[in-house]
1. Using θ = phi - 60° and the Karplus relation 6.51 cos²θ - 1.76 cosθ + 1.60, list the HN-Hα couplings for segment 12-18 in order, rounded to whole Hz, with x at every Gly or Pro.
2. Give the lysines reachable from Lys46 as a straight Cα distance under 21 Å; neighbours fewer than 8 places away on the same chain don't count.
3. How high is the relative contact order of segment 1-67, given as a whole-number percent (alpha carbon pairs under 8 Å, six or more residues apart)?
4. Using a simple charge model, +1 on the beta-carbon of Lys and Arg, -1 on the beta-carbon of Asp and Glu, nothing else, what dipole does the chain show about its Cα centre, in debye to the nearest 20?
5. Please work out which option in (i) 13.8; (ii) 13.0; (iii) 14.3 gives Kirkwood radius over Cα pairs in Å calculated from these coordinates, and answer with its label.
6. Could you state the number of Å between the C-alpha centres of segment 57-74 and segment 19-48?
7. Could you give the nm distance between label points at Ala28 and Asp11, where each point is 7 Å from its Cα heading toward the beta carbon?
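Bear in mind that the values in this text are calculations on the coordinates, not laboratory data. Remember, predicted model here, so these are calculated numbers, not experimental data. FYI the Cβ positions are ideal-geometry reconstructions off the backbone, even for glycines, and counts take in every protein chain you see.
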Amino acid sequence: MLAETLGYILDERHEKGREEGLRLGALASLLKLVEMKFGAIADTDKDRLSQLNHEQITHALSRILTATTLADLF
């Protein structure tokens with residue numbers, strides 16, 4: 001029983017860590033593309049982008065090619 005509970009907890013933590021890793025990888029890609037398209041990114045904009053969840057980052061990545069301003073990504 002205890003082993004099953006510990007296994008479940010470890011599986012959950014592993015999954016959360018994997019999801020956060022995917023989010024951070026997507027965020028790094030987004031930040032790089034924003035910098036390439038718009039130039040240096042202000043710290044306030046970096047902070048704002050860093051607060052996005054994975055779904056929001058994916059949405060912003062899908063808009064980066066057609067965006068004319070940083071605001072278009074949101």
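1. Per residue, the Karplus-derived 3J(HN,Hα) values read 5, 5, 4, 5, 5, x, 5 Hz.
2. Correct list for Lys46: Lys32, Lys37.
3. Values: 20 pairs, mean separation 24.8, N = 67.
Here the relative contact order equals 37 percent.
4. 300 debye
5. Computed from the coordinates, Kirkwood radius over Cα pairs in Å corresponds to (i).
6. 11 Å
7. Here the answer is 2.9 nm between the modelled labels.
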